[in-house]
Amino acid sequence: MLDRLTKQLQDHQPRSNTTYVHWALILMLAISFTGWMVYQGVSQQVNAQTGLGANFNAPVQNEVLLWRSHYRIEFQYHYNALRPGNPGDVLRVKAVSSADEVDLFFYQRQPNDGDIIGDDLVKGQFDWDLSSLPLSFFGKEGLNNVTLQAIYINNTDQTSTVVTTRSISVWVPITGGVISTAGATDWDKPISQPRQIFGSDQRALALLWRGGKMLPPMSAAGFYNNAKANAVYFMDGQTDPKIDIQKDVPWGANGWPISGDYIWSNIGSQFWNRTSGPAVGMEFTGYGTDGRGTFVGGDKTYTDAVSMQLGSFVTWTAPAGNAGPVYPGSTYTLKWTVDPEAKPPVGLLADITASYYNQSGIWVNVPVVSGMDAFIGTRAWTIPANVKLGSKMKFSITTKLGGVQYSVTSSGDLSISTVAAPITLTSPTPIGTSPDNGVIKPEIVGGQRSFTLTWDAGSVPANTLAQISYTLKDGSVEGAFVGSVDLASGSYTWINPLENVTGVGGERGSAYFIGKEASLVFRPINGSFVYTSYPVVFGGCLTVTQPQLNEVRAGGRYTIRWSYPSAYADILTTVHANTRYLRISYKALSEPATAWKTIVDLEPDVITVKDVTKVTSYDWAVPSDLVPGAQYQFSFTWVYNLSALVGGQTLYAKSSFPPATFMVAGSGPLVNFTKPTAGEVYPINSSMTTRWTVDPQGWDLTGLQMTVSYETADSLPLLTGVITAPGFEVPFNPEATDFSATWTVRPQLAGRLVKIKVELNKTSSYDGGSFKSSAFSVISAGRTGGDGTQPSDYAAYYTSTRYTPPEVAGNASLKDLATVGVAGSNLTVPGVTMHYWVALYNADQQLIKRLPIQSGQSITGDTPADLAATKSFGIEIAFEITQPITLDTRPKVRSVSIAYTTDFATAPFMITVGPPTTGTTDDNLQAYAEYTINLFLSPNTPEFAGQVTFALASRIDSNGQDAAGKFDGEFIPATADVQTGSVKLRLHSATVGTYTFTVKGTSGEWEAVSPPATLIVQSTSDGETIAQAILNFTAPVQRGPEKDPNLSFTLSLYQGLERLYSGTTSTDANDQGTLTTSPISDTTTLKFNETYTAYIKTPKHLSRKANEDVRFTPPISGDIITVALTFPELPAGDIMPGSPTEAPTPYGSWDKVDSTDWSQFLGEIAQTLLTKLADFDNSNSVDSLDVFPFVGGYSHWLESGALRADGIPRPPDAPPAG
């Protein structure tokens, strides 16, 4: 035994001086005990040897174990010392407390081969579940002494012998509250009295605890060799922790984790929607570094928890709820508080972000401030100028410290005003609006240059002080001070504007601003808004030189003069650097302001070449039609490069100057011709009388002589030069009112346009003048010789294009020329005779014969020989005019037609055009007139079974002209045989008129042409009632509290399953909208007196059928029909719960139907199902589970989107609802 103890001492080196003494004491006792055993005798020595047959390796003596944990007991024994040869013996191990005892396990003597570790030494182990021990086993809370006993049981006589024991302690946590037992020393954070606030926006919580009675009072070495502290929390009275927040805490002074701290970060959304805050407690886990001791998962022991009251870590006070509205550019003060009862850490910082829609409709996040002291609680910020008017803005504040987020809190909504500012500039008026047209043009008032700025002050309160500044777009001048003003006054008189901004004084200094694009900026002192005006320019100045009396003469020349201020001297290029042009105009004083006529547009490079120290000028050729004695005005308009798009038209900034009024001096007497008039036609050698009046215009015409002559005013082709007639004098009689001269139209004037000229000779007081009449025509329209049987016998004749019949172009010959038809001429006036001939030509295009023809009579003289040689023929027409006439248009013949026959072999089939389904068609390319083309055998011909191909043979308009470009057709089908009998011909045209046409059928060498048929194309407006309907509808929809003003509605009209009309618009705040239909008539897609079904939907809602059908009744008067429609509420699905901490949507509400639901819809449902998806599975909600029943084919919704009246029962095999 001494040897073994000594060996054991060598194997277990002491851990401290105290432990060494302990082993020494054991050694002394062992030595004494050995002596005692020798004294007692052999039998006593045997018993001692039996006691050494087994030993506990773990737990060690006095080790502390934790109740409700697992521990692996390890032991060893000498099995040869336990009755060798008796394998039925067992080793019994039990635990004994002061109150109870319990068997742990039984171990047989005979070991497995793997348990033998040397000599006869055998190892063994047992996993002890301490949680199986009831509290009554220990008898008390706290530390309990427990003895482990190893007992040898003799299999023969069933006697028991205790062979070894081990004393340990088991810690049973004390109930009844750690806090109440140990006081405030156990929890520093969170505090228990009064309760600490836990914010629903909180992301981190600081934990700090102390020992108390959380752990047994002994070293960590004896407590599972190590320990770990866990912080846990509870919600809504639940005892199971939702999340473990584990922390290896530092060791306390006594060797165990009696104190620790931890930042519980990344707290999620589990406290949102809660009615109370969490309760935080501690849990301690002992474990052995050698792996023998482990914590029992799922059966945990906790300290008392500290409960916290639910609140807000940060509270927004501005904006809160629905704040505003505010204006873009204004200064807004953000306000918030950090709740001290939430125990925020010292040095807490804050980041603030603004989220809003910009003018492009894009949701943006903009930093306001980063890393500021969170406890300051205020921050002034300028609302961005690019924020969308009428939208809402949100802010988010994030508190942080040392890389840990403590809270994220969203503000209320801050509404942005629907207008950029509460004021609007009214003077200068914007481009395109009088009187200023975007130009600040100072005027001289009291010896000073000044301009009065005005604005609509709207609802601006009194004493709203502001500064006005002037800023150039090019950035060269930023915020040039204009003045200070009370905005409620609505006006400010700007004295000597911009005179000293450039560093150059006076008007010369302001000249550098002329024409440069700028804006006026209004900034209230209180920062409530910033208003930037529309673009304007600073205008230049000039003075118009007044014309002297009788200085401006009609038909003469006048030098228009103007001057610039002397301050512009030698800088005129700078002054006009932004000038588009300088426009000079004139009008009669009596004419309205819209009657100005442009004289010239002088561009800058023309203006600036003048010597600016002198008066500038422009040489004007005064129009001769100015009325002598009448008053006129000059106007100067300075047009700048700055432009704006107004009503789809580009307009420019411009300013006008006071016009100069002048009187036109009379230039002399006026001659007015009364004959000839324009359009008159005179044959050569005819007599004409020229008539005219003379207005003296106040001149003394004593001794005046008038010389009358003529000259050609224009030349016809191939005639050049000017023919001037010798004049003859007509005396002037002051008492006469009109004068005349008769003369003969000379042959050399044939084919000319002629004017009569009257010249007034020079007198003592009058320089003379020349006046001309309107032009008239002279034609040589009589006979030039011969007997009148040939066209060449007449001065005016015309030849048509030659025509070659298709049959003659082949192998056939002409057999006869039949009756002539003439559609007439526009020369149906007395004194005009028309003569017609048909000219026959051979294959060499040589004339064979010319035959006279008359309308409605047969042609004579066409001999068989002449006709056989004829390959083409043409029409010739002669005009014989025997007296003067007046023509509105040039002479023309409407049409001449000649019927002919050939020796072309008769085709075995014939073609006729049957009556049309509709004999007319309108001028709509989509409309058509349909004819039946009949095909049948010709009489007395052999059987014919071939295919005939159809085509239009001729198309003639009402003037006898080719109409191939005015209508076309299609044959359905294009071919047929005699057995088929007919095809359809559809004719299309967009040109109103009456036409004739023939149809040609071809089969091999055979060809047949139908008799002519008629096509009438008329306008749809002729005699047909056409109207449009205004659909006034009310369509409420499911949506959140903020109504989307841009929500679009699509309204469609159906007949059966065919959609005949569809239109898209928006509704107002009362869910009401208006659409105008396509045209309605008896022939359009939408027709009168027919019934239609109306449906409406939006991109976010399901289709709904109107409560009433639609029927259009022709209007009694006018062309507008008004129809009222009401729809049931359009459903949408609340399938996407939103998140208040995420970037808000413009109309988001996480417990309402809004756009987030639609986004989820798009993610789950195919686009083709959207208009028909509804609550198909009868779960009282629209969600992704509705897809399965939709695809499965059963539904209580109609295909059109309307709900069945009777519903459909839920199928027994349907998936679970919800």
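The values are calculated or read from the model by the stated rules, or taken from the named source; none is laboratory data. The model shown is predicted, which means the values in this text are computed figures rather than measured ones. Here the Cβ is made from the backbone with ideal geometry for all residues, glycine too, and neighbour counts use every protein chain on show.
Just to be sure before I move on: is residue 635 modelled with pLDDT of 85 or more, polar (S, T, N, Q) and crowded, with 19+ Cβ neighbours inside 10 Å in the structure I sent?
Details: modelled with pLDDT of 85 or more: yes; polar (S, T, N, Q): yes; crowded, with 19+ Cβ neighbours inside 10 Å: yes.
Against the criterion (modelled with pLDDT of 85 or more, polar (S, T, N, Q) and crowded, with 19+ Cβ neighbours inside 10 Å), residue 635 qualifies.
Within the range 351-367, work out how many residues are touching a Phe, Trp or Tyr at 6+ places or on another chain (Cβ under 8 Å) and small (Gly, Ala, Ser).
From the range 351-367, those touching a Phe, Trp or Tyr at 6+ places or on another chain (Cβ under 8 Å) are 352-357, 363-364, 366; that's our starting set.
Of the ones still in play, those that are also small (Gly, Ala, Ser) are 354-355.
Count: 2.
For residue 495, indicate whether it is over 39 Å from the mean Cα position of the chain (by Cα), of a type in the set (Val, Ile, Thr) and crowded, with 17+ Cβ neighbours inside 10 Å.
Numbers: over 39 Å from the mean Cα position of the chain (by Cα): yes; of a type in the set (Val, Ile, Thr): yes; crowded, with 17+ Cβ neighbours inside 10 Å: no.
For residue 495, the condition - over 39 Å from the mean Cα position of the chain (by Cα), of a type in the set (Val, Ile, Thr) and crowded, with 17+ Cβ neighbours inside 10 Å - is not met.
Picking from 514, 468, which residue would you name as being touching a Leu at 6+ places or on another chain (Cβ under 8 Å), buried (at least 18 other Cβ atoms within 10 Å of the Cβ) and not polar (S, T, N, Q)? Please lay out each step first, then the result.
Details: 514 fails: touching a Leu at 6+ places or on another chain (Cβ under 8 Å).
Exactly one of 514, 468 is touching a Leu at 6+ places or on another chain (Cβ under 8 Å), buried (at least 18 other Cβ atoms within 10 Å of the Cβ) and not polar (S, T, N, Q), namely 468.
Contact annotation: residue pairs with Cβ atoms under 6 Å, 6 or more positions apart or on different chains, pairing a residue in the range 45-70 that is farther than 28 Å from residue 142 by Cα with a partner that is at pLDDT below 75 and in a strand (DSSP E or B), are 53/78.
Restricting to the range 766-812, and then to whatever is closer than 30 Å to residue 1005 by Cβ and among the polar types (S, T, N, Q), can you tell me which residue is modelled with the lowest pLDDT? Outline the logic, then answer.
To start, the set of residues in the range 766-812 that are closer than 30 Å to residue 1005 by Cβ comprises 801-812.
Filter once more, keeping what is among the polar types (S, T, N, Q): 801, 804, 811.
Numbers: 801: 70, 804: 76, 811: 61.
In this case the residue turns out to be 811.
Of all residues in the range 711-724, none are modelled with pLDDT of 75 or more, hydrophobic (A, V, I, L, M, F, W, C), under 30 Å from residue 884 (Cα atoms) and surrounded by 12 or more Cβ atoms within 10 Å (Cβ to Cβ). Can you name every residue in the range 106-148 that is part of a loop (DSSP other than H, G, I, E, B) and either at pLDDT below 70 or basic (Lys, Arg) (or both)? Within the range 106-148, 109, 110, 111, 112, 119, 140 meet the criteria.
Answer yes or no as to whether residue 991 is farther than 12 Å from residue 909 by Cβ and in a loop (DSSP other than H, G, I, E, B). Steps first, please.
Working: farther than 12 Å from residue 909 by Cβ: yes; in a loop (DSSP other than H, G, I, E, B): yes.
So residue 991 fits the description; yes.
Is one or more of the residues making up the range 885-907 at pLDDT below 75, touching a Gly at 6+ places or on another chain (Cβ under 8 Å), in a loop (DSSP other than H, G, I, E, B) and more than 30 Å from residue 804 (Cβ to Cβ)? Among the residues of the range 885-907, at least one is at pLDDT below 75, touching a Gly at 6+ places or on another chain (Cβ under 8 Å), in a loop (DSSP other than H, G, I, E, B) and more than 30 Å from residue 804 (Cβ to Cβ), which makes the answer yes. Considering each residue of the range 740-761 in turn, at least one proves to be assigned to a strand (DSSP E or B), among the aliphatic types (A, V, I, L, M), under 16 Å from residue 885 (Cα atoms) and modelled with pLDDT of 80 or more.
In this entry, residue 328 is excluded by the filter for residues that are touching a Gly at 6+ places or on another chain (Cβ under 6 Å), within 28 Å of residue 422 (Cβ to Cβ) and surrounded by 18 or more Cβ atoms within 10 Å (Cβ to Cβ). Here is the figure for the range 350-371: residues that are over 30 Å from residue 421 (Cβ atoms) and either surrounded by fewer than 16 Cβ atoms within 10 Å (Cβ to Cβ) or in contact with a Leu (Cβ under 6 Å, 6 or more places away or on another chain) (or both) total 1. Among all residue pairs at least 6 apart or on different chains, which show Cβ distances below 8 Å where the first residue, located in the range 440-464, is without any contact (Cβ under 8 Å) to a residue 60 or more places away in the chain and the second is of a type in the set (A, V, I, L, M) and assigned to a loop (DSSP other than H, G, I, E, B)? Listed pairs, sorted by first residue: 456/423; 457/423; 458/423; 460/423.
Can you name the residue in the range 301-329 that is of a type in the set (Val, Ile, Thr), more than 37 Å from the chain's Cα centre (by Cα) and within 17 Å of residue 202 (Cβ to Cβ) and is also modelled with the lowest pLDDT among such residues? So that I can check it myself, show each step before the final result.
So in the range 301-329, the residues of a type in the set (Val, Ile, Thr) come out as 301, 303, 306, 314-315, 317, 326.
Next, from what is left, pick out any that are more than 37 Å from the chain's Cα centre (by Cα): 301, 303, 306, 314.
Of the ones still in play, those that are also within 17 Å of residue 202 (Cβ to Cβ) are 306, 314.
Working: 306: 78, 314: 96.
For the range 301-329, the residue satisfying everything is 306.
Which of the residues spanning the range 372-384 are among the aliphatic types (A, V, I, L, M) and surrounded by 13 or more Cβ atoms within 10 Å (Cβ to Cβ)? 372, 374, 383, listed by residue number.
Residue-level check: of (1) more than 18 Å from residue 1123 (Cβ to Cβ); (2) among the polar types (S, T, N, Q); (3) at pLDDT below 75, residue 1048 misses just (3). Got at least one residue in the range 181-199 being at pLDDT below 70 and either over 28 Å from residue 264 (Cβ atoms) or basic (Lys, Arg) (or both)? No, the conditions are met nowhere in the range 181-199.
From the list 332, 356, the lone residue that is more than 17 Å from residue 529 (Cα to Cα), within 31 Å of the chain's Cα centre (by Cα) and outside the structural domain of residue 278 (by TED's automatic domain parsing) is 356. Identify all residues within the range 429-472 that are charged (D, E, K, R) and over 37 Å from the mean Cα position of the chain (by Cα); write none if there are none. Scanning the range 429-472 gives 441, 443, 449. Scanning the range 448-457 for residues that are surrounded by 17 or more Cβ atoms within 10 Å (Cβ to Cβ), in contact with a helix residue (DSSP H, G or I) (Cβ under 6 Å, 6 or more places away or on another chain), modelled with pLDDT under 95 and farther than 30 Å from residue 198 by Cα turns up at least one hit.
Within the range 965-1000, how many residues turn out to be free of Cβ contacts under 8 Å to residues at least 12 places away in the same chain and either crowded, with 18+ Cβ neighbours inside 10 Å or within 27 Å of residue 803 (Cα to Cα) (or both)? Steps first, answer last, please.
Residues of the range 965-1000 free of Cβ contacts under 8 Å to residues at least 12 places away in the same chain: 965, 973.
Of the ones still in play, those that are also either crowded, with 18+ Cβ neighbours inside 10 Å or within 27 Å of residue 803 (Cα to Cα) (or both) are 965.
Of the residues in the range 965-1000, 1 are free of Cβ contacts under 8 Å to residues at least 12 places away in the same chain and either crowded, with 18+ Cβ neighbours inside 10 Å or within 27 Å of residue 803 (Cα to Cα) (or both).
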